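Asker: I have a structure here, written as structure tokens, and I will follow up with some questions on it.
Just so it is clear, none of the values below were taken in a lab; they were calculated from the coordinates. Bear in mind the structure is a predicted one, so any value in this text is a computation, not a measurement. Note that each Cβ is placed from the backbone with ideal geometry, even for glycine, and that neighbours are counted across all protein chains shown.
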Amino acid sequence: MTTKKCHLRSIIHELLWFLNGDTNVAYLRENNVSIWDEWADENGDLGPVYGKQWRAWGAADGRQIDQLSTVLQQLKQDPDSRRIIVSAWNVGEPG
């Protein structure tokens, strides 16, 4: 728990945006969320931020891996596995 005041509606929209794999701030702006605006380019694009990494991880061989779908599948098959992980840091992406 925290005593820090948070704007729950913004947090929910940001999470939904991440889970959708979006990298453009248009959805956020439509929902009055401006936290990412300063990093967006003139078209509203942010590049390979969290949602992209979660939903379309760029593998070294050119494939795109949907980490969230993989995690859900693994949780169903082996919920006690310690190998179930999602990473937002892709060392292969320019940063």
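Asker: Under a point-charge model restricted to the Cβ atoms of Lys and Arg (+1) and Asp and Glu (-1), what is the dipole moment magnitude of the range 8-77 relative to its Cα centre, in debye to the nearest 20?
Answerer: Working: 6 positive and 10 negative charges, 91 e Å.
Value, rounded to 20: 440 debye.
Asker: Also, quick follow-up: If I fit a long axis through the Cα atoms of helix 67-77 and take the longest principal axis of the Cα atoms of the chain, what angle between them do I get, 0 to 90°, rounded to 10?
Answerer: In the chain, helix 67-77 runs at an angle near 40 degrees to the longest axis.
Asker: Output needed for the range 40-95: three equivalent-ellipsoid semi-axes, defined as square roots of 5 times the C-alpha gyration tensor eigenvalues, in descending order, whole Å. Don't skip to the answer; put the middle values down first.
Answerer: Details: eigenvalues 133, 28, 18 Å².
The equivalent ellipsoid of the range 40-95 has semi-axes of 26, 12, 9 Å.
Asker: Can you work out the Karplus-derived ³J(HN,Hα) for every residue in the range 40-48? Use 6.51 cos²θ - 1.76 cosθ + 1.60 with θ = phi - 60°, whole Hz, and x for glycine or proline.
Answerer: Taking θ as phi minus 60°, the curve returns 7, 7, 4, 9, x, 7, 10, x, x Hz for the range 40-48.
Asker: Where does each of 33-39, 5-11, 46-52 land if you order them by average Cβ count within 10 Å, highest first?
Answerer: 46-52, 33-39, 5-11
Asker: Quick one: what are the phi-derived ³J(HN,Hα) couplings along the range 6-19, Karplus 6.51/-1.76/1.60 with θ = phi - 60°, whole Hz, x for glycine and proline?
Answerer: 10, 8, 4, 4, 5, 4, 5, 5, 5, 4, 4, 5, 4, 4
Asker: Separate question: Calculate, in nm to one decimal, what Trp89 and Asp61 gain on full extension: separation in residues at 0.36 nm each, minus their alpha carbon distance.
Answerer: This chain segment gains 8.4 nm when fully extended.
Asker: What number in nm² do you get for the range 8-77 if you take the convex hull of its Cα atoms and divide its surface by four? Before the final figure, lay out each step's value.
Answerer: Details: hull surface 23.2 nm².
So the mean shadow area of the Cα hull is 5.8 nm².
Asker: Further question: If you take the beta carbon distance between Arg9 and Glu38 as r and set R0 to 25 Å, what does 1/(1 + (r/R0)^6) give as a FRET efficiency, to the nearest 0.05? Please report the intermediate quantities before stating the final value.
Answerer: Values: r = 20 Å, r/R0 = 0.80.
Computed FRET efficiency for Arg9 and Glu38 comes out at 0.80.
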